[in-house]
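Okay, so here's the structure we're looking at.
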Amino acid sequence: MLTNDNDRRIYEEELSPRLPQKLFDAHVHIWSKADYPADFRFPDKNCANRFGGEFTLSMWRDIMAELLPQQECHLNCFGMPNNAADRSKTPDGALPGDSINVLISPADAAELVEERIDRAGAVGVKPYWNYAAAFYGKTSNEVEINDMLTPQQLAMLDRKGLAVTLHIPRSGRFADKVNQRQMLELCEKYPNVRFVFAHIGRAYFMKNIYQSNIDDFVKYPNAYFDTAMLNHEGVLKYTFDHFPAERIVFGSDAPIAFLRGKSVEINDQYAYLMGEDYAVGTSIVDTKNAVNFTTFFYEQLRAILNTTPKGHVSDVLFNNAQRVFRKLGA
């Protein structure tokens, strides 16, 4: 069992009265041990070990039934983008209303990716900076957005009208001028691709969102942002004030989101206060159990409910995703 008495109180008193009947999580990692070589092991402090080294769709459904017992829940999922993962594998066990994505590297020929998409009935792809770093021999901070997908891959995705969930690279994140330019160029050049910029461009603290160019994306109807691992109400409010709520989708980054903790802003930085001893980005672990944490998932829902404009809660938590994760003409 994941929840405790305090979690159940939070759900009954704070969340249940305000949540819609349906929820769609646009950012979930699903994988099995079979996606990796037999001798592969995650590092000891990797949060994947919290769930036994894999996180399947049945595990996700069990946890969601526990966390949100009164909601009908669906998801958009992709594998864990590890260099050791078999990118030909896609999450198994999706139900009607769920969406699957294919992991993609610039090393993958567009024809091969299209074959994988068609075979899985996928709605899009999930690139990641480490695949580009490995392919081009770059360091993590040298990778650019333009390295993460090839022109041939993008042309195929545009032709098929699919989605791309993009975790932008570089230490400056959404405040980085190279990122800002290349994000807009993608939206301009590939109008049939729905670009979902994950984690609101990784703008986890106020200075980063202030220095972003989020206003410039308003004119591109194929630009979306997901809220994965965001529980900063200031960042969320700024986003809603500067970008249409109709193009913001809730995402959790599960299973990381099912750990106990809360992300906080500290002196123009952010850190994860962890109630469990796992490594998640820049972590500060409460080794003395001084704080009674709930899950990141509940903290994210709290922040979304407190900042989403009136009349748009169902859109952000469910309806918007129906427009994003579909195929062209569907």
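The values are calculated or read from the model by the stated rules, or taken from the named source; none is laboratory data. The model shown is predicted, which means the values in this text are computed figures rather than measured ones. We place every Cβ from the backbone using ideal geometry, glycine too, and count neighbours over all the protein chains shown.
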Please list, ordered by first then second residue, the pairs with beta carbon atoms under 8 Å, 6 or more apart or interchain, first in the range 131-155 and touching a residue at least 12 places away in the same chain (Cβ under 8 Å), second among the hydroxyl-bearing types (Ser, Thr, Tyr) and surrounded by 19 or more Cβ atoms within 10 Å (Cβ to Cβ).
-> Tyr131/Ser105; Ala132/Ser105; Ala134/Ser105; Phe135/Ser105; Met148/Tyr128; Met148/Tyr131; Leu154/Tyr190; Ala155/Tyr190
Selected residue (criterion: surrounded by the most Cβ atoms within 10 Å (Cβ to Cβ)) from residues of the range 81-97 that are without any contact (Cβ under 8 Å) to a residue 40 or more places away in the chain and of a type outside the set (Gly, Ala, Ser) | Thr90
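Kindly indicate whether any position in the range 221-229 is surrounded by fewer than 19 Cβ atoms within 10 Å (Cβ to Cβ), assigned to a strand (DSSP E or B), of a type outside the set (Gly, Ala, Ser) and touching a Phe, Trp or Tyr at 6+ places or on another chain (Cβ under 7 Å).
The first filter runs over the range 221-229 and keeps only residues surrounded by fewer than 19 Cβ atoms within 10 Å (Cβ to Cβ), leaving 221.
Going one step further and asking which of them are assigned to a strand (DSSP E or B), we end up with none.
No; the residues of the range 221-229 include none that is surrounded by fewer than 19 Cβ atoms within 10 Å (Cβ to Cβ), assigned to a strand (DSSP E or B), of a type outside the set (Gly, Ala, Ser) and touching a Phe, Trp or Tyr at 6+ places or on another chain (Cβ under 7 Å).
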Only residues that are outside any loop (DSSP other than H, G, I, E, B) and farther than 18 Å from Asn101 by Cβ: list them for the range 48-58, please.
-> Ala48, Asn49, Arg50, Phe51, Ser58
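Looking at the range 283-329, which of the residues that are of a type in the set (Gly, Ala, Ser) and free of Cβ contacts under 8 Å to residues at least 60 places away in the same chain is nearest to Ala155 (Cα to Cα)? Let's see the steps before the verdict.
At the first step, the residues of the range 283-329 found to be of a type in the set (Gly, Ala, Ser) are 283, 290, 303, 311, 314, 321, 329.
Filter once more, so that each one left must be free of Cβ contacts under 8 Å to residues at least 60 places away in the same chain: 283, 290, 311.
On the way: Ser283: 39, Ala290: 52, Gly311: 36 Å.
The selected residue is Gly311.
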Regarding Leu184, is this residue crowded, with 23+ Cβ neighbours inside 10 Å and either in a helix (DSSP H, G or I) or at positive phi (or both)?
-> no
Hits in the range 40-68 - residues which are modelled with pLDDT under 95 and of a type in the set (D, E, K, R) | Arg41, Asp44, Lys45, Arg50
Out of curiosity, is Ile256 out of contact with any Ser or Thr (no Cβ under 9 Å at 6 or more places or on another chain) and either exposed (fewer than 15 other Cβ atoms within 10 Å of the Cβ) or free of Cβ contacts under 8 Å to residues at least 24 places away in the same chain (or both)?
-> no
If Arg247 passes every condition in (1) of a type in the set (D, E, K, R); (2) under 26 Å from Thr56 (Cα atoms); (3) under 16 Å from the mean Cα position of the chain (by Cα) but one, which one does it miss?
-> (2)
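Based on this model, can you work out whether Met148 counts as of a type in the set (A, V, I, L, M) and more than 25 Å from Ser99 (Cα to Cα)?
For Met148, the condition - of a type in the set (A, V, I, L, M) and more than 25 Å from Ser99 (Cα to Cα) - is not met.
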Being surrounded by fewer than 20 Cβ atoms within 10 Å (Cβ to Cβ), touching a Phe, Trp or Tyr at 6+ places or on another chain (Cβ under 8 Å) and either closer than 17 Å to Ala163 by Cα or at pLDDT 95 or above (or both), is that true of even one residue in the range 109-127?
-> no
Would you confirm whether any residue within the range 204-213 is in a helix (DSSP H, G or I), crowded, with 21+ Cβ neighbours inside 10 Å and more than 17 Å from the chain's Cα centre (by Cα)?
-> yes
For the range 1-42, name all the residues that are hydroxyl-bearing (Ser, Thr, Tyr), free of Cβ contacts under 8 Å to residues at least 60 places away in the same chain and within 17 Å of Phe258 (Cβ to Cβ).
-> none
Residue satisfying all of: in the range 13-62; within 18 Å of the chain's Cα centre (by Cα) and of a type in the set (Gly, Ala, Ser); surrounded by the fewest Cβ atoms within 10 Å (Cβ to Cβ) among these | Ala48
Looking at (1) in contact with a Phe, Trp or Tyr (Cβ under 9 Å, 6 or more places away or on another chain); (2) farther than 23 Å from Glu54 by Cβ, can you tell me which one Asn82 breaks?
-> (2)
